[in-house]
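Asker: Dropping the structure in here first, questions after.
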Amino acid sequence: MLAETLTTGLLLITSASALPVMSPLEYVKRAVNPGVVISKCSQPNMLALAYDDGPYTYTSQLVDILDRGGAKATFFWCGTLYGCIYRQEAAVKKAFASGHQVASHSWSHNRMGSMNANQIRTEMTRVEDALVNMVGVKPAYMRPPYLDTGGQFLNTMKTMNYKVITNDIDSGDWNNVSPQQAQQRFQQAGARGNGHIPLMHEVYPGTVNTLTPWLINWANQNNLKLVTVAECVGDPEGSYQPGNWTAKVGPYNC
């Protein structure tokens, strides 16, 4: 009996030693699965500035502010919420060329938890087509409008290979919370532990001109790296769907 126990133990040790050794980052990468809601960074000392509802009038200005501050951010864009996305092609190209992550916030910004799978796919593929036409990539990350993940939504995102992002800090800019009040929310959340993914909107001048510069300074004061959402969840190479995509022939319209 003792011999059998020793033999079993040796086999377990041998098997364990034969397994590949993975770094903590590699373990994190394996946990970034399509169709699973992610609300917070998986690593410390990071802040993922994430903006919804654009592209809009302030997109180019926001990119300039981020670039001056050495910050990378993620833009969750819609197709038609604040005008047709194709009318902001210059701003879209500018953000992408600056190394910011471009992602999806659906085409029409309706609640997808009440849609069927075909309707959800249409919401996503129309944004994909627009981004392929303008910058040549299909996003692999999205944030659902109203953070609605009910119904057939998550299963559809899994089949479409989308990683689903929500948030762990709400700036409240959508609800008339001032930039100064939003700053207090970040201070209360603190800079310790795994990094934050905030809910913010690039369509409000206070978020662009006041809150964002403050966040850049706050991050620097707390030794936080300002990164894309994909990087903050340990998936820096997974921002976009794999493949070479061909733009469709215009004219483009919404």
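The values are calculated or read from the model by the stated rules, or taken from the named source; none is laboratory data. Since the model is a prediction, treat every value here as computed from it, not as a measurement. Neighbour counts run over all protein chains shown; Cβ positions are idealised from the backbone, glycine included. Side chains are part of the model used for accessible areas, which takes the heavy atoms of the whole protein and leaves out ligands, DNA and RNA. Shrake-Rupley method; radii C 1.70, N 1.55, O 1.52, S 1.80 Å.
Asker: I need the full set of residues from segment 164-176 which are in contact with a helix residue (DSSP H, G or I) (Cβ under 8 Å, 6 or more places away or on another chain) and not acidic (D, E), in order please.
Answerer: The answer is V164, I165, T166, N167, I169, S171, G172.
Asker: So, one more: What number of residues in segment 54-95 are under 17 Å from D173 (Cα atoms) and open to solvent by 10 Å² or more (accessible area, probe 1.4 Å)?
Answerer: Going through segment 54-95 one residue at a time, the tally reaches 5.
Asker: Identify the single condition in (1) open to solvent by less than 30 Å² (accessible area, probe 1.4 Å); (2) of a type in the set (G, A, S); (3) touching a helix residue (DSSP H, G or I) at 6+ places or on another chain (Cβ under 7 Å) that S42 does not satisfy, given that it satisfies every other one.
Answerer: Result: S42 fails condition (1) only.
Asker: Say we look at segment 96-127 and pick out the residues that are hydroxyl-bearing (S, T, Y) and in a helix (DSSP H, G or I); which of these is least open to solvent (accessible area, probe 1.4 Å)? Step through it out loud before you land on a result.
Answerer: Step one: of segment 96-127, the residues hydroxyl-bearing (S, T, Y) are 98, 104, 106, 108, 114, 122, 125.
Then drop every residue that is not in a helix (DSSP H, G or I), which leaves 114, 122, 125.
On the way: S114: 98, T122: 74, T125: 50 Å².
Checked segment 96-127; the qualifying residue least open to solvent (accessible area, probe 1.4 Å) is T125.
Asker: Just to be sure before I move on: is A50 of a type outside the set (D, E, K, R), part of a strand (DSSP E or B) and modelled with pLDDT of 95 or more in the structure I sent?
Answerer: yes
Asker: In addition: Is it the case that K248 is open to solvent by 50 Å² or more (accessible area, probe 1.4 Å) and within 19 Å of D67 (Cα to Cα)? Write out each step before concluding.
Answerer: Values: open to solvent by 50 Å² or more (accessible area, probe 1.4 Å): yes; within 19 Å of D67 (Cα to Cα): no.
Answer is no for this residue.
Asker: Taking into account only those residues within segment 215-245 that are part of a loop (DSSP other than H, G, I, E, B) and of a type in the set (D, E), which is surrounded by the fewest Cβ atoms within 10 Å (Cβ to Cβ)?
Answerer: E237
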